[in-house]
Amino acid sequence: MKFVSEIPESLAMSWNAVCANKMRSALATIGIIIGIVTVTLMGAAINGLDQAFVKSLSAMGGDTFFISRTSWLVNSYDDWFKMQKRRPIRPEDAETLARQLTLASAIDPTAYDYDTVKYKTISADNVTIMGTTPDNLLTTGASMAEGRFLTPADAEGGQPVCVLGSELATNLFRGESPIGKRVKILDQSFQVIGVMQKRGSLFGSLDLDVRIIIPLREFLAEIENQPDISIEVKANGLAQLDETREELRQVMRRIRHLRPDEPDDFAINQQDQFIDLFHKETGTIAVIGLFVTSLSLFVGGIGIMNIMFVSVVERTREIGVRKAIGAKRRNILLQFLIEAACICLMGGIIGLGIAWLITLAVTHFLFTASMSVNIVIMALLVSLCTGVISGFLPAWRAARMDPVDALRSE
């Protein structure tokens with residue numbers, strides 16, 4: 001309790017010492033400011049990239065499986081080459097799968113191609129053409145901005161209708177409503193029945209808003225009659241993911257007529273694969289990046305240590321007087337440790353302010369960066385620890401001074 005009661009007094013004395021040497025204290029914080037700015041910006045950039053990546057993947061659905069011929073994550077070129085030799089997945093496989101699965105709430109076979117889409121004299125090149133079913137809204141969690149999505153009647157009747165991505169609709173129709181208008185793909189006319197809500201891009205490159213969605217039957221009839229499709233399967237709930245995955249694998253093996261000793265010739269992909277890999281990679285980058293940026297903090301800590309040694313030398317007589325009137329070693333040690341911590345903490349707060357402004361500028365002009373509460377707390381703790389560690393040796397030297405020698409120093 002006595003030690004705790006001494007802390008306010010030590011704080012007051014340390015603060016008075018800092019204020020008495022404003023210029024020296026300000027110069028001492030420069031290294032800490034630079035170190036905190038670099039460490040904080042590194043953390044904010046990684047945090048922002050992580051949030052953007054997870055947000056991109058959220059468009060795929062956390063409870064949705066993606067069956068395709070190849071795996072999303074391939075360890076080597078040889079593995080990729082072997083996957084390319086697998087039999088394609090056909091639309092009839094999806095129909096059989098829909099009949100046999102019991103734990104799925106939606107099954108959506110999807111085929112893709114790329115071509116030019118035209119409206120009158122306006123055209124858009126390299127547009128993703130997506131042949132799908134009404135269940136696509138359920139498996140992706142997407143929503144409509146205008147009009148409606150494909151219905152079972154559209155899918156079964158083979159009507160030449162389409163739904164546009166938000167950016168494609170904006171580029172082709174430039175202010176006018178596309179609903180009821182007709183666009184062309186390979187000279188085949190499709191009536192626009194809806195426009196999707198803006199969804200952004202996947203992995204920063206695959207734009208989900210520059211696409212045209214048509215019934216799968218129309219895709220097979222007009223675009224490609226033997227596509228290699230993927231099948232999206234939405235589980236009944238997150239609690240049944242493992243059971244759904246296992247049932248899905250067993251049914252697909254039966255559909256593909258695989259013997260018990262044969263390996264799977266298909267892949268069941270899930271967004272968690274990408275998230276785990278991304279977190280692993282960013283974790284490695286974070287460790288390396290924080291190590292490099294922490295070097296500036298180390299240099300700042302050396303500067304604080306030098307300043308504190310100078311302060312101890314200048315205040316030798318003061319230390320002697322305090323010891324002569326009864327101050328114990330811990331009192332002297334605590335005073336100088338708090339002084340070093342105060343200097344570093346001020347540098348940390350200033351560094352956080354600068355880093356926050358830079359983060360806003362980076363987010364506005366370059367890419368998303370996010371300074372979370374955890375990063376702020378970490379930066380302040382690092383500042384405090386740097387001050388304590390840097391000030392310990394000077395404080396220890398001051399605490400061990402002989403009061404007689406200290407009083408004779410002048």
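Out of ILE212, ILE268, ILE255, any idea which swings most in a Gaussian network model of the chain, alpha carbons joined below 10 Å?
Result: ILE255 has the largest fluctuation of those listed.
Out of every Cα-Cα pair in segment 224-336, what percent are more than 25 Å apart?
Summing the P(r) of segment 224-336 above 25 Å gives 64 percent of all pairs.
Note down the nm distance, to one decimal, between modelled labels 7 Å out along Cα→Cβ at GLU318 and at VAL292.
Simple spin-label model gives 4.1 nm for this pair.
Using modelled amide H (1.01 Å from N, peptide plane; none on Pro or chain starts), what sits under 5 Å from the amide H of ASP207, excluding residues fewer than 5 places away?
Hits under the 5 Å cutoff: LEU202.
In segment 59-136, how does Rg compare with the Kirkwood Rh, expressed as the Rg/Rh ratio over alpha carbon atoms?
For segment 59-136, the value is 1.05.
Which log10 I(q)/I(0) values, to two decimals, does segment 203-267 give at q = 0.16, 0.18, 0.19, 0.29 Å⁻¹ under the Debye formula with one point per Cα?
Log10 of I(q)/I(0), two decimals: -0.87, -0.98, -1.01, -1.16.
Assuming a viscosity of 1.002 mPa s and a temperature of 20 °C, what translational diffusion coefficient in µm² per second does Stokes-Einstein assign to the chain, Rh being the Kirkwood radius over Cα pairs?
Result for D is 81 µm²/s.
Each residue of segment 119-127 in order: what ³J(HN,Hα) in whole Hz does its phi give by Karplus 6.51 cos²θ - 1.76 cosθ + 1.60, θ = phi - 60°, with x for Gly and Pro?
9, 6, 9, 9, 9, 10, 8, 6, 7
List the pair-distance distribution P(r) of segment 106-181, using every Cα-Cα distance, as the percent of pairs falling in each 10 Å bin from 0 up to the bin containing the longest distance, rounded to whole percents.
Calculated P(r), rounded to whole percents: 16, 49, 32, 3.
Just for the Cα atoms in segment 283-366, what are the lengths along the principal axes, largest first, rounded to whole Å?
60, 25, 19
May I ask you to list, by number, the DSSP H helices of the chain whose Cα span along the axis is at least 24 Å and whose average Kyte-Doolittle hydropathy reaches -1.0 or more?
Helix filter hits for the chain: 2-20, 22-58, 271-314, 329-365, 373-399.
Report the number of Lys pairs in the chain whose alpha-carbons are under 18 Å apart, with separation of 8 or more residues or on distinct chains.
Numbers: LYS2/LYS323; LYS2/LYS328; LYS55/LYS198; LYS55/LYS280; LYS118/LYS181; LYS118/LYS184; LYS120/LYS181; LYS120/LYS184.
Lysine pairs meeting both conditions in the chain amount to 8.
Ranked by accessible surface with a 1.4 Å probe, highest first, in what order do TRP80, TRP72 come?
If we order TRP80, TRP72 from most to least accessible, we get TRP80, TRP72.
At what distance in nm do the modelled label points of VAL310 and LYS82 sit from each other, each positioned 7 Å from its Cα along Cα→Cβ?
6.6
Which is the longest run of the chain containing none of the trypsin sites (Lys or Arg not before Pro) found in DSSP loop states (not H, G, I, E, B) with at most 11 other C-beta atoms within 10 Å?
175-399
Please work out the C-alpha center-to-center distance from segment 218-268 to segment 302-349 and express it in whole Å.
A separation of 69 Å, based on Cα centres.
The values are calculated or read from the model by the stated rules, or taken from the named source; none is laboratory data. Source: prediction; values computed, not measured. Neighbour counts are summed over all protein chains in view; Cβ atoms, including those assigned to glycine, are modelled from backbone coordinates with ideal geometry. Calculation scope for accessible area: heavy atoms of the full protein, side chains included, ligands and nucleic acids excluded. Shrake-Rupley method; radii C 1.70, N 1.55, O 1.52, S 1.80 Å.
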